[in-house]
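The values are calculated or read from the model by the stated rules, or taken from the named source; none is laboratory data. Quick caveat, the model's predicted, so the values are computed rather than measured. Here the Cβ positions follow ideal geometry from the backbone for every residue, glycine too, while neighbour counts run over all protein chains shown. Accessible surface areas use protein heavy atoms only, side chains included; no ligands, DNA or RNA. Shrake-Rupley method; radii C 1.70, N 1.55, O 1.52, S 1.80 Å.
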Amino acid sequence: MKVHETSEVPEKKITGYQWKTLWSSTIGYAMDGLDMMILAYTLPLIIAFFGINQAQAGSLSTITLLGAVIGGIVFGVMADKFGRVRVFTWTILIFSVFTGLCALAPNLETFAIFRFLAGLGLGGEFGIGMTLVSETWPKKYRSRATSVVAVGFQIGIVLATLTVLFVAPKFGWHGVFLAGVVPAIFAFWSRKNLKEPEIWTKLKEENKNKIAIGQLFASKDTTKITIGLIIATSVQNFGFYGIMTWMPTMLASELGYDFNKTTLWTVTTIIGMILGILIFGYLADKIGRRPSYITFLIAAAIIVWVYFQVTSTVALLLLGGVLGFFVNGMMGGYGALLAEHYNTEVRSTAENIIFNVGRAIAGFAPFIIGYISLNHSLSYALSLLSGVYILSALAFIFLIPESKDKEIV
C-alpha cells in the first residue's frame, strides 16, 4: 500500500484538528483512570452498603477489568471497520450510561453487571484514541503526542481522588458514580464534529476497511513483532497493577504508615509517572523507540529491586517519584510504537488487542504477588517484579525493530 502523503502535516505545523484529536483522546483515557479509581476508593462504602466480604468486593474490580479487555478487543476491531471517531464516541456513551446506572443498582448482582458493561466502553478508549492521534500527528511529534494521551490516565486518578474527597462525604458512593458521568459527558462533547483521519477515509473509499485480525500474524517477522509487543505491554501493566495494588498495603503493614503518609506516597509516585511519561515521549522522538525503552526498562529493573530494600520514610517518599518515573514512564511510547508496526486496516485492532491482552495477563499480578507474600514479605514479593522488566528489555533487543520516523500507511 502506498503512503498517503496527506496523512502527515508539515513537521513544524500543528493544526487545530491535530490538537482536537489529542484533546479528545486524552480526555477519553482520563475516563479510564477515573473509573478504575473511583471503584477502588469507594469499595469500603460499597462493602458496607451491600454487606459483602473482601473477596466479593475484589471480584468487582476483576469484572470491570474483564469487561475492559473484551471491550477493548471488540471495539478495536470495530474502529478499523467503521471508523475511529464513530466507535470512539460509542465507547464513551456506553461508559457514561452504565457508570451512572451503577449508582442506582439495587443489589450486588446488578451492580456487577453494570460494572462489566461500563468496562466494555472503557476498554476501547486507549487503543482507539492512540490510533486517532498517531494517524493525524506528524511523525516528528508522534511519540510526544501519544505520551500526552497516556498522561490522561493519571489525570483520571486525580479526578477520582477529588470526586471521592468532595462528593462521598455528602452523597456516598452513589453520588460518586453519578458525578463520574459528568466528565464522561464532557468527553463525549469533545468529539463532536471530529472528523475521521484522512488515511482511514481513503482506506474506506478503496473498500479496504475489512476486519483483519489475521494481519497481526501475517508473516514470520510480523508474528515476532506481535509477540514482542504483547510481552512488552504485559510487563508494563503487570508492574503497574502489581505495585499500585499492593504498595499501600505494604507501607501500612510492614512500615506502619498511616493514611496521610500513604496518600503522600501516592501523590509523589503519580507526579513521577507524569514526568516520566512526558520525558519518555520526548526521548522516543529524539533518540528512537528501542534505545528509550531499553534504557527505561533496565532502570526500572534496578529501581524496583533497590526500592523494596529501603525502609527509611524519607527515602521511600523521594524514591517513590523515581519509581513512578521509570516504571510507568514507558506508557508514553506505546501508542506510537504499536501504530507504527501495523497498517491502517488493522492499526486500531492491533493497538487494542495487544494492549488489552497485556492488561489481561497483568490481572494476575495482584494475585501472584499476594500468593508469594503468604510465605515471604510483601516487600520481597514486590522486589521480584524487577525481573519482568528485564524480560521486556530482551523483547525489544530481539523481537521489536526500531520504528522512529516511520511513515504510517
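Things worth noting here:
- Counting only helices (runs of 4 or more DSSP H) wholly contained in segment 304-409, the ones carrying 2 or more residues that are open to solvent by 30 Å² or more (accessible area, probe 1.4 Å) and at pLDDT 90 or above occupy 313-329, 386-398.
- Residue ID - most open to solvent (accessible area, probe 1.4 Å), chosen from residues in segment 193-210 that are assigned to a helix (DSSP H, G or I), at pLDDT 85 or above and not charged (D, E, K, R): 201
- Among residues of segment 241-295 being of a type in the set (S, T, N, Q) and modelled with pLDDT of 95 or more, the one that is least open to solvent (accessible area, probe 1.4 Å) is 292.
- Members of segment 10-52 found to be crowded, with 23+ Cβ neighbours inside 10 Å, of a type outside the set (D, E, K, R) and touching a Ser or Thr at 6+ places or on another chain (Cβ under 8 Å), listed by number: 21, 24, 27, 28, 34, 38, 39
- Residue check for residue 136: touching a residue at least 60 places away in the same chain (Cβ under 8 Å), farther than 21 Å from residue 71 by Cα and in contact with a Pro (Cβ under 6 Å, 6 or more places away or on another chain): yes
- Candidate set: segment 174-204, residues that are of a type in the set (A, V, I, L, M) and under 16 Å from residue 343 (Cα atoms); chosen: the one farthest from the chain's Cα centre (by Cα): 203
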